[in-house]
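This report concerns only the one structure given below.
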Amino acid sequence: MIQREISFYDLMQYPEAKQAILNNDEKAMKKVLYSLGLDTNEYYEVVDCYHRPLTKKGNEPWYGSRYVGVERQDKAYLESGNSSWENIVDSTGDIGLKLQLEQMSKQGSSEKAFVSKGAAKKAIREEKHKEI
């Protein structure tokens, strides 16, 4: 299961969410959260913390509330184009395929540099060589 967070800051971009909050309408809010990828059939909670809302301009953290739960894994959501790559990989029932997909997503990333000092030095040498 992949964690999913939805900031109240971002929720204010949706009239349905604003209305649900104003009316204290839990059913309507669940519908909005579900449409945004939060699995409302699983446990979720409201957490107050510093975070970076998706729709906020600038890079400054914002202190406020956000819903924290897990991302939906139903077929409709996975095929919608809105699911995260991690969620798509996590939802596969084939363990071998899951391991291959996870490995493929790491290829060519800087993540390899943290395996050992030798790997880090090799990655740096390769990057310097590319610049020449």
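Within the bounds of region 40-57, is there any residue that is within 28 Å of Met104 (Cβ to Cβ) and in a strand (DSSP E or B)?
No, region 40-57 contains no residue that is within 28 Å of Met104 (Cβ to Cβ) and in a strand (DSSP E or B).
Pairs needed: first member in region 1-24, within 18 Å of Leu54 (Cα to Cα); second member anywhere, hydroxyl-bearing (Ser, Thr, Tyr) and buried (at least 17 other Cβ atoms within 10 Å of the Cβ); C-beta distance under 7 Å; at least 6 residues apart or different chains.
Glu5/Tyr67; Ile6/Tyr67
With the requirement that a residue be assigned to a helix (DSSP H, G or I), farther than 19 Å from Ser84 by Cβ and not small (Gly, Ala, Ser), what does region 2-20 give you?
Matches in region 2-20: Phe8, Tyr9, Pro15, Glu16, Lys18, Gln19.
Could you grab me the full set of residues in region 10-46 that are within 17 Å of the chain's Cα centre (by Cα) and surrounded by fewer than 13 Cβ atoms within 10 Å (Cβ to Cβ)?
Selection gives Tyr43, Glu45, Val46.
Would you pick out the residues in region 68-94 that are open to solvent by less than 30 Å² (accessible area, probe 1.4 Å) and not polar (S, T, N, Q)?
Result: Val68, Gly69, Val70, Glu71, Arg72, Tyr77, Val89.
The values are calculated or read from the model by the stated rules, or taken from the named source; none is laboratory data. Being a predicted model, the structure only gives us computed values, none of them experimental. Every residue, glycine as well, gets a Cβ built from its backbone with ideal geometry; the counts of neighbours run over all protein chains shown. Areas reflect the complete protein model, heavy atoms only, side chains present, ligands, DNA and RNA absent. Shrake-Rupley method; radii C 1.70, N 1.55, O 1.52, S 1.80 Å.
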